[in-house]
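Just so it is clear, none of the values below were taken in a lab; they were calculated from the coordinates. Please read these numbers as outputs of a predicted model, since none were measured by experiment. Methodologically, a virtual Cβ is constructed for each residue, glycine included, from the backbone with ideal geometry; neighbour enumeration extends over all protein chains shown.
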Amino acid sequence: MEQHKIDEYNHQHQAKHQHKFEFVAAGVANLGDVMQKLQAFQIAIPSWALGTGGTRFGRFSGGGEPRSLEEKIEDVGLIHALNRSSNSISLHIPWDIPENATAIKSMAAQFGLHFDAVNSNTFQDQPDQKLSYKYGSLHHVDQAVRQQAIAHNIEVIKYGDELGSKALSVWLSDGSNFPGELNFRGAFQRTLDSLRQIYDALPNDWKIWIEYKPFEPNFYSTTIGDWGQSYLLASKLGEKASTLVDLGHHLQGTNIEQIVSLLLMEGKLAGFHFNDSKYGDDDLTVGSINPYQLFLIFNELVEGMDNVKMDHATGIGWMIDASHNVKDPIEDLLQSVEAIKIAYAQALLVDKEALVHAQQQNDAGLAQELLQNAYRTDVRALVAEARLRAGGALNPIAVFREQHVRSNLVKSRGQKTIATGL
Ligand SMILES: [Mn+2]
């Protein structure tokens, strides 16, 4: 995406935008601070989200999908050029093994990108794999399987280290399908022991992020099933270990914002996998189903991070983890980043002093007014202005469509392409 095309679009729409921006800006007391924070806030793009996802029933490719790690980096580079809010990529090993780390790193740098957390995979068997993960990996009853899974995680750290990543993200599908199949205590202890060996292999400045999920692919128990189990493991491992919150990995009705608040208080919130859901781990576009919950989560994040004077942009890891079955993956990711920044901007607008006072007075009515005043503010022009100042597009999706990016990608990559790992 050539910069002049973005500039041209912005120029054409500048007057209308300026009007909207000035209107909303007039009501923001700490405008300079808000704009600076919005520009600094970046969300990592996972390498597996650039192709069309699928379900266990089928997969319908949209065409022009990235065929290699290099093409995935190009796609993230495009997203970042348009929104100036996605300056890193999170790799999944073995779907995206960097054969030549130096070349990959410098290619990413040309797009202004760096590498976020690396993700290991012991939830499926690879073609050349000796032992199967059918009955789990780090919790497996057979030590040889556990050792294979530990060695894989240590190899992922090695790949990440070559690329400048600073964190290993671990999600286990380990669990059981039927009551009685598994001894819970044994499974937990073996998982802890395996994680300890991985923890010991972390470079000094690295972290390990432990993700949890209540069900799927196992339907009776998951060995790291909720934030308490993840927190217990992270606490026993040590200060380099913390809990990763994937928004879709909760049962319906769970108060995620309360989980986030307490993990932050304990210094154990690693970061986020953003998505949205209606029923389970639906991996839908962020903010597409329940944007108010997203705002409430950001409200707790901002309050909790400010409480410990943590830098919002760098204090914890921000990443999308979504799947797109019917939408263009790039458009979907642009929508997700936008939804995150809107929720963040709204959280920055909450009148915190007044809220503390309302809480002290047990004034539930006023507390709700204060939160919803912020939530119901149309902050889109603030987010667009931050993007404009950073060199991005006033409307990233409009530019993507006007420039016919997808049809050009189909022309150069082909209609029937399948992104690696999908
Ligand atoms: Mn996730």
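Counting only DSSP H runs of at least 4 residues, each contributing -39500 (n - 2.57), and dividing by the residue count of the chain, the helix-based mean residue ellipticity at 222 nm comes to -15000 deg cm²/dmol.
Result for the chain in a Gaussian network model with C-alpha springs under 10 Å: among GLY64, GLY175, GLY365, the largest mean-square fluctuation is at GLY365. If you plug the beta carbon distance of GLU155 and ALA26 into 1/(1 + (r/R0)^6) with R0 = 41 Å, you get a FRET efficiency near 0.15. Look at the alpha carbon pairs under 8 Å that are at least 6 residues apart: their mean separation over the length of the chain gives a relative contact order of 23 percent. Sparse packing (at most 12 other Cβ atoms within 10 Å of the Cβ) combined with a DSSP loop state is found for the following chymotrypsin sites (Phe, Trp or Tyr not before Pro) in region 19-101: PHE57, PHE60.
Here PHE178, PHE111 are placed in order of increasing Cβ neighbour count within 10 Å, fewest first, which gives PHE178, PHE111. The Cβ shell under 14 Å around ASP142 holds other residues with a net charge of +2, Lys and Arg each +1, Asp and Glu each -1. Pairs over the 20 Å Cα-Cα cut-off, from the set LYS213/LYS278; LYS213/LYS268; LYS105/LYS327; LYS37/LYS213; LYS207/LYS236: LYS105/LYS327; LYS37/LYS213. Between ASN100 and SER412, the FRET efficiency from the beta-carbon distance, with R0 = 25 Å, is close to 0.65. Residues LEU334, LEU269, LEU113, ranked from the fewest to the most other C-beta atoms within 10 Å, line up as LEU113, LEU334, LEU269. Annotation: peptides 251-259, 276-284, ranked by per-residue average of other Cβ atoms within 10 Å with the highest first, follow the order 276-284, 251-259. A full extension of the chain between HIS4 and ASN362 corresponds to an added length of 123.5 nm, given 0.36 nm per residue minus the alpha carbon distance.
Ranked for footprinting exposure by Cβ neighbours inside 10 Å, fewest first, VAL405, VAL260, VAL141 give VAL141, VAL405, VAL260.
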